[in-house]
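The structure appears below as structure tokens.
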Amino acid sequence: MKTVLIVAPHFPPSAMPPSQRVRLLVTHFRDLGWNPVVITVDHYYREEASDPWMVELAGNKFDLVITKCLDQRKTRKFKIGDIGLRMMPYLYSTIKKTAKEYKADFVLYPVPAWYTMIVAPFIKRKTGIPYGIDFIDPWARKTVKPGFKARMSQYVAKALEGFVVKRSSLIIAVSQGILNDLIERYPVIADKNMAALPYGVELGDYRAVRASGTETPKATKLVRYIGALSESMEPVADALLQALVLANKQEPLKVEFIGTSYAGSGLAQPRIRQLIEKAKAEDFITEIPDRVTYRRALELTMEADILLIIGDLTPYYAASKLMGMIASGRPFFAFLQKDSFPAAFLRELNYPYVVEYTAVEGNMPADRTDAAREKFLQMVKELPDFEPVPEDHPAFQQQTARGMTQKFVESIQKSIHDQTTLR
């Protein structure tokens with residue numbers, strides 16, 4: 001059985017999106033002929049909340065190697081919190097030692113945390129083992145947040161990203177848009193082995209928390225968005241808030257935005273509270289920025305009358321929660337960039353409750369607010385007749401956790417074959 005090393009700073013008991021991605025992979029790698037070895041850090045050195053259920057869901061079909069890490073309680077004094085940076089002093093030696101011990105055939109770097117992939121070319125030079133980058137989020141971006149720290153981070157990203165991707169044997173991303181941006185920046189990589197592999201979903205997660213009993217109709221509909229909101233999502237959220245204010249005049253709503261901050265425990269700050277206040281919607285829309293555990297997120301999902309999926313201003317937005325929404329069987333309303341994968345996938349499924357937009361220079365088209373209001377009200381009226389996407393739908397089956405892992409395996413095997421052929 002071949003071995004793949006996975007360098008995963010975020011891993012259960014973390015419930016962050018990169019941790020979810022890796023958790024889904026290690027659940028199925030061995031069944032597909034690969035032994036996964038995860039290199040991570042003790043949860044003591046992570047700032048996100050611990051989620052014990054994630055450990056249970058991850059199972060034991062992998063080997064775990066714990067590397068050292070600088071303590072954020074000390075490095076925060078110097079404005080350094082990024083876990084990838086804090087792992088750097090120990091990462092190279094840990095990967096090299098583990099690769100030798102397990103006779104690894106491939107090294108996979110899911111990012112973020114982006115700084116971990118800086119060691120990849122050096123590990124390849126030392127060991128000869130090919131590597132792949134899995135871009136869960138892009139590193140270098142076209143727009144930069146204000147502030148010295150953000151500008152410096154992007155300067156480093158643009159200085160080092162090309163060095164890493166040009167020497168990789170495989171580039172995976174959660175959306176084709178991320179791959180297209182990489183090719184635009186580095187045309188030389190156009191012929192590399194690449195694959196756009198969106199987030200998969202484990203159907204058993206939702207079966208474990210499905211609500212029991214019969215739901216009783218109520219006048220006020222409970223609407224929830226569960227997950228982080230990035231800066232690029234805020235203009236979209238603003239337009240949607242305006243639509244919900246208009247919809248609330250016709251159908252009573254209670255709207256909750258939960259877990260909107262990526263920050264760790266005690267560091268979370270509201271992302272859209274000012275937008276809620278601007279819309280004068282405090283009486284029926286609330287924001288709770290603190291993240292919740294994965295099980296609690298699923299429980300909140302199953303309790304809601306309507307769930308929300310919100311896109312951002314970019315075409316590479318991937319919506320890690322999309323497949324989970326479908327797996328839950330709950331009604332959801334999607335407000336998405338027209339060229340994004342989630343929008344295209346929902347079109348393929350003929351899902352009816354989607355409003356698309358095309359942002360121009362960071363601005364939302366004014367007519368999309370009215371379109372969102374009309375479609376949302378249509379959904380509310382049709383809730384009694386809502387029919388979820390069938391679990392056996394062929395397009396959805398390809399996006400399960402096993403389907404996603406199968407595509408990873410095929411991509412890795414092709415990379416190894418190509419490198420062997422070139423020797």
Hz values of 3J(HN,Hα) by residue in region 384-398 - Karplus curve (6.51, -1.76, 1.60), Gly and Pro given as x: x, 9, 4, 10, x, 5, x, 4, 8, 4, x, 5, 6, 4, 5
Which whole-number value in Å² is the accessible area per residue of region 30-163, probe 1.4 Å? 50 Å²
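For region 94-190, state which trypsin sites (Lys or Arg not before Pro) are in a DSSP loop and have at most 13 other beta carbons lying within 10 Å of their beta carbon. Don't jump to the answer; show the numbers that get you there.
Working: sites: Lys96, Lys97, Lys100, Lys103, Lys124, Arg125, Lys126, Arg141, Lys142, Lys149, Arg151, Lys158, Lys166, Arg167, Arg185; in loops: Lys103, Arg141, Lys142, Arg167.
Those that pass, being in a loop and sparsely packed, are Lys103, Lys142.
Tell me, what is the per residue accessible area of region 293-392 in Å², probe radius 1.4 Å?
40 Å²
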Starting from the Cα of Phe163, step 7 Å toward the Cβ, then list every residue of region 102-145 with an amide N under 14 Å from that point. 115-125
Of all the stretches in the chain, which is the longest one without any exposed loop site, taking GluC sites (Glu not before Pro) in a DSSP loop (any state but H, G, I, E, B) with at most 11 other Cβ atoms within 10 Å? 1-214
Low-density loop cleavage sites - trypsin sites (Lys or Arg not before Pro) in region 266-358, where at most 12 other Cβ are within 10 Å (DSSP): Lys280
What is the ratio of the Cα radius of gyration of region 242-351 to 2.2 N^0.38 Å, where N is its residue count, to two decimals? 1.12
For Lys149, project a label point 7 Å along Cα to C-beta. Then give me every residue of region 78-98 with its amide nitrogen under 20 Å of that point. 78-89
Relative contact order of region 95-182: what whole-number percent is it, with Cα pairs under 8 angstrom and at least 6 residues apart? 30 percent
Connecting every pair of Cα atoms under 10 Å apart in the chain and solving the GNM, the largest mean-square fluctuation among Thr301, Thr116, Thr220 falls on Thr220
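Please compute the contact order of the chain in relative form: average sequence separation of alpha-carbon pairs under 8 Å and at least six residues apart, divided by the residue count, as a percent. Don't skip to the answer; put the middle values down first.
On the way: 760 pairs, mean separation 64.4, N = 423.
Once divided by the residue count of the chain, the mean separation gives 15 percent.
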Out of His28, His393, His43, any idea which swings most in a Gaussian network model of the chain, alpha carbons joined below 10 Å? His393
Connecting C-alpha atoms closer than 10 Å in a GNM of the chain, tell me which of Leu275, Leu244, Leu179 has the biggest fluctuation. Leu275
Quick one: Cα centre-to-centre distance for region 217-294 and region 1-41, in angstrom? 32 Å
Surface/4 of the Cα convex hull for the chain, nm²: 20.3 nm²
Share of accessible surface on carbon and sulfur in region 291-398, whole %, 1.4 Å probe and ligands ignored, is 46 percent
Could you give the DSSP H helices of the chain that reach 24 angstrom or more along their long axis (alpha carbon positions) and whose average Kyte-Doolittle hydropathy is no lower than -1.0? 83-102, 148-166, 401-422
What lysines sit close enough to Lys68 to cross-link, taking a C-alpha to C-alpha distance under 23 Å and skipping anything fewer than 8 places away on the same chain? Lys77, Lys79, Lys96, Lys97, Lys100, Lys103, Lys124, Lys126
At the level of C-alpha centres, the distance separating region 167-202 and region 329-348, in angstrom, is 21 Å
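The values are calculated or read from the model by the stated rules, or taken from the named source; none is laboratory data. What you see is a predicted model; the values in this text were computed from it and never measured. Methodologically, a virtual Cβ is constructed for each residue, glycine included, from the backbone with ideal geometry; neighbour enumeration extends over all protein chains shown. Side chains included, ligands, DNA and RNA excluded: accessible areas come from the protein's heavy atoms. Shrake-Rupley method; radii C 1.70, N 1.55, O 1.52, S 1.80 Å.
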